[in-house]
Amino acid sequence: MTLQFRLMNAVGLALCIGCSTYAATAHAALGAAYSSVETDRIHLSAKIKSTAAATYTAHALTLANGGVVTELTRPDGMVFAVTWRGPGRPDLRQLLGSHFDTLQADNATRVGRRIRRPMVVNRADFIVQTGGHSGAFWGVALLPQMEPAGFSANDLK
């Protein structure tokens, strides 16, 4: 084998490994299994602290910038809510997964118009509220149909 052929094979192998690693991390999100919390922790380079409540477990991810993302899981391990607060917005595409497209669609404006307002989604199966200003952002995303019995939206505060 020539050196050029070996280099092409090595580059191809590296690309395949990189793509498979990226695909594995792309599935973490709201509505996913507990394993997505660990994927989010790695993606966000965060420290984690989990606290069990009566009907759910809160997994607080502390980001390098001091922000905190909290993912709530049901007893079966499914993520049904995500909250965040801190000096910057976290990677919402990572945290919301397929629901991110709904967030974007529900907050789209007419072409050429720029509006600065909090992003909101108010659907029966998906709720998002955001707010804040430079240096102090917050938000909450919830899948109401996935809430465990006995859970209250007041628990998100």
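Where a number appears in this text, it was derived from the coordinates with a stated rule and is not lab data. Predicted, not measured: the structure shown is a model, and the values here were computed from it. Note: ideal-geometry Cβ built from the backbone for every residue, glycine included; neighbour counts use all protein chains shown.
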Exercise. Could you give the size of the charge dipole of the stretch 90-153 about its Cα centre, using +1 on the Cβ of each K and R and -1 on the Cβ of each D and E, expressed in debye and rounded to the nearest 20?
Key: 480
Self-check item: Dipole magnitude of the stretch 21-152 about its Cα centre (Cβ charges: Lys, Arg +1; Asp, Glu -1), debye to nearest 20
Solution: 640
Quiz item: Taking +1 at the Cβ of each Lys and Arg and -1 at the Cβ of each Asp and Glu, which of ALA54, LEU72, PRO118 sits farthest along the dipole of the stretch 37-128 towards its positive end, judged by Cα position relative to the Cα centre?
Solution: PRO118
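Using the 10 angstrom Cβ neighbour count as an exposure proxy, how do SER50, SER152, SER36 rank, fewest first? Write out the running numbers ahead of the final one.
On the way: SER50 13, SER152 9, SER36 24.
Ordered by Cβ neighbours within 10 Å, fewest first: SER152, SER50, SER36.
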Quiz prompt | Using θ = phi - 60° and Karplus 6.51 cos²θ - 1.76 cosθ + 1.60, couplings along the stretch 41-46 (whole Hz; Gly, Pro as x) | solution = 4, 5, 4, 8, 6, 10
